[in-house]
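Participant: Shown below is the structure under consideration.
Readers should treat all values here as calculations from the given coordinates under stated rules, not as data from a laboratory. What you see is a predicted model, and the numbers here were worked out from it, not measured in a lab. Cβ sites come from the backbone with ideal geometry, for glycine too, and all protein chains shown count toward neighbours.
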Amino acid sequence: MSQNMPIKTLEAVLNDIISIKLKDQRTFRGRLTRCDMYMNLTLTDAEELESNETKAKYGQLLLRGNNILWIQIPT
Amino acid sequence: MSQNMPIKTLEAVLNDIISIKLKDQRTFRGRLTRCDMYMNLTLTDAEELESNETKAKYGQLLLRGNNILWIQIPT
Amino acid sequence: MSQNMPIKTLEAVLNDIISIKLKDQRTFRGRLTRCDMYMNLTLTDAEELESNETKAKYGQLLLRGNNILWIQIPT
Amino acid sequence: MSQNMPIKTLEAVLNDIISIKLKDQRTFRGRLTRCDMYMNLTLTDAEELESNETKAKYGQLLLRGNNILWIQIPT
Amino acid sequence: MSQNMPIKTLEAVLNDIISIKLKDQRTFRGRLTRCDMYMNLTLTDAEELESNETKAKYGQLLLRGNNILWIQIPT
Amino acid sequence: MSQNMPIKTLEAVLNDIISIKLKDQRTFRGRLTRCDMYMNLTLTDAEELESNETKAKYGQLLLRGNNILWIQIPT
Amino acid sequence: MSQNMPIKTLEAVLNDIISIKLKDQRTFRGRLTRCDMYMNLTLTDAEELESNETKAKYGQLLLRGNNILWIQIPT
């Protein structure tokens with residue numbers, strides 16, 4: 001099953017921009033530079049969004065995977 | 001017991017459309033392209049539903065398995 | 001202790017109808033077709049119950065084990 | 001330490017009647033027929049209690065261990 | 001580090017009386033007869049306390065470790 | 001990475017006084033006598049603080065690591 | 001995948017100042033001196049922030065990784 005793991009979807013978009021919804025309903029967006037099997041993510045140019053508007057800019061951000069609800073990934 | 005694991009039900013419907021209920025009661029629907037033993041799922045043509053109507057479209061979505069309550073799977 | 005594991009109670013009723021109470025207090029009923037040691041379950045003819053009445057029908061359902069409070073199993 | 005594990009207290013009362021308090025404060029009582037190291041329990045003649053009165057009867061019940069607060073065990 | 005594990009503090013007081021605070025803020029007291037590395041505990045002469053008064057007596061009690069906040073241990 | 005693990009910060013202050021903030025926002029203070037990799041801690045001369053005042057004294061206390069938010073450690 | 005793990009982002013900034021957002025929405029800032037794969041962190045010159053102002057100073061602080069939402073890391 002390992003060839004088909006969903007985490008491969010993330011690895012395939014390293015350096016692309018992804019959107020992340022956290023369990024606390026916050027939305028983040030940034031360029032994915034690192035990821036691991038727990039869905040821990042390193043983003044650059046990270047920003048928090050509210051109603052699709054930039055609410056805050058964070059530069060480089062490490063998101064802890066266990067807070068993540070879903071990740072929107074460009075096809 | 002491994003031949004009879006529920007995750008096999010998912011593997012059997014790769015490329016089919018499934019519905020997912022999250023713990024926060026949101027409903028998602030999409031075409032299953034990847035899954036793993038934690039029930040992490042990659043969906044394409046993913047959409048969020050409310051009262052069976054499309055509320056939002058996400059394209060490709062990676063859902064983190066630990067948020068999932070149940071998955072409705074076509075027979 | 002492995003011969004006496006509670007999960008064996010489930011394996012003994014494959015293809016029988018069971019009832020499941022989730023932590024969010026919902027009740028489901030269906031025919032058990034698969035189970036694993038995490039209590040992940042695949043049901044067919046799955047339905048959600050409210051006050052012992054059918055509230056919704058789902059066909060085939062994969063329930064994630066960590067949401068389960070208890071399972072009522074025919075003797 | 002394994003000879004002294006608390007789970008041995010359960011194994012010593014197989015076929016005896018125990019009471020279980022869940023995290024959601026419900027109380028169950030029944031005859032213990034199976035247990036494992038996660039405190040998953042199979043009970044027969046299982047009933048739910050409220051103020052020491054029978055509130056519901058379930059026959060055979062599989063309780064998922066991670067919901068359990070404590071188990072009262074006859075000495 | 002294993003020689004210095006906090007669980008050794010518990011093993012050193014087997015057969016002594018300890019007090020336990022649960023995450024739901026209840027307090028229990030009893031004689032420790034078994035413990036394991038998850039802090040699962042078997043107590044005899046177990047009682048629940050409220051404002052230092054006995055609120056209920058349980059005889060032998062198996063407390064699931066993951067509910068425990070802290071344990072007061074005689075020196 | 002093991003030489004640089006944060007738990008080493010704790011091991012370096014065995015027998016010193018530390019302050020602990022729990023997830024339920026309570027504050028404890030005491031002399032650290034044991035610790036393990038889960039941040040389970042044994043304290044002696046343990047006390048609970050409220051607004052920097054002693055609220056309760058517990059003697060020897062075993063704190064379960066998964067309740068801990070942070071630990072203030074003397075340099 | 002190990003060469004690309006997000007935790008490497010942290011190891012690369014040892015001795016630099018980072019900001020941490022906890023799940024309870026508190027913000028901390030300090031100089032990172034230790035980290036591990038669970039995102040447990042040791043900080044020196046640690047302070048808690050509120051609206052970007054210093055609310056409290058803690059000296060050396062060990063933050064338990066499972067409370068962390070995200071970490072802002074200088075590039």
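Participant: Please work out which residue of chain F brings its Cβ closest to the axis of the rotation superposing F onto C, and round that distance to whole Å.
Facilitator: Of all Cβ atoms in F, the one closest to the rotation axis yields F:ASN66, 9.
Participant: Measure out, as a whole number of angstrom, how far apart the alpha-carbon centroids of the stretch E:30-45 and the stretch B:1-45 sit.
Facilitator: After rounding, the separation between the Cα centres reads 41 Å.
Participant: If I model a spin label at F:THR75 and A:ASP45 as a point 7 Å from the Cα along the Cα→Cβ vector, what separation in nanometres do I get?
Facilitator: Placing both labels 7 Å beyond Cα along the Cβ direction yields 3.8 nm.
Participant: Quick one: how many lysine pairs does the stretch B:2-72 have with C-alpha atoms less than 19 Å apart and a gap of 8 or more or different chains? Give me the count, please.
Facilitator: Final tally of qualifying lysine pairs is 4.
Participant: Ok, one more. Please give the contour-minus-distance gain from A:LYS55 to A:LYS8: 0.36 nm per residue of separation, less the Cα-Cα distance, rounded to one decimal in nm.
Facilitator: Between A:LYS55 and A:LYS8, full extension yields an extra 13.9 nm.
Participant: Report, in deg cm²/dmol and to the nearest 500, the calculated mean residue ellipticity at 222 nm for chain F, where each DSSP H run with n ≥ 4 adds -39500 (n - 2.57) and the sum is divided by the residue count.
Facilitator: Estimated from H runs of four or more residues: -1500 deg cm²/dmol.
Participant: What's the magnitude of the charge dipole for the protein assembly as shown around its Cα centre, counting Lys and Arg as +1 and Asp and Glu as -1 at the beta-carbon? Answer in Debye, nearest 20.
Facilitator: Here the protein assembly as shown has a charge dipole of around 260 debye.
Participant: In addition: Please report, to two decimal places, log10 I(q)/I(0) for the protein assembly as shown at q = 0.06, 0.07, 0.12 Å⁻¹ as given by the Debye formula with identical point scatterers on the Cα atoms and no solvent.
Facilitator: Listed by q, the Debye log ratios stand at -0.33, -0.45, -1.29.
Participant: Viscosity 1.567 mPa s, temperature 4 °C: what is the translational diffusion coefficient of chain E from Stokes-Einstein with a Kirkwood Rh over Cα pairs, rounded to a whole number of µm²/s?
Facilitator: For the chosen part, D equals 104 µm²/s.
Participant: Considering only D:TYR38, D:ILE71, D:ILE20, whose Cα is most displaced toward the positive end of the charge dipole of the stretch D:18-75, charges sitting on Cβ of Lys, Arg (+1) and Asp, Glu (-1)?
Facilitator: Of the options given, the answer is D:TYR38.
Participant: Right, next: With only Lys, Arg, Asp and Glu charged, each at its Cβ (+1 for the first two, -1 for the last two), find how big the charge dipole of chain D is about the Cα centre; round to the nearest 20 debye.
Facilitator: 120 debye
Participant: Next question, about the same structure. If r is the Cβ-Cβ distance from B:ASN15 to E:ASP24 and R0 is 45 Å, what FRET efficiency results, to the nearest 0.05?
Facilitator: Computed FRET efficiency for B:ASN15 and E:ASP24: 0.45.
Participant: Classify the stretch G:34-75 from the C-alpha gyration tensor, please: rounded if a/c falls under 1.5, else prolate or oblate depending on whether a/b exceeds b/c.
Facilitator: Judged from the Cα gyration tensor, the stretch G:34-75 comes out prolate (a/c at least 1.5, a/b above b/c).
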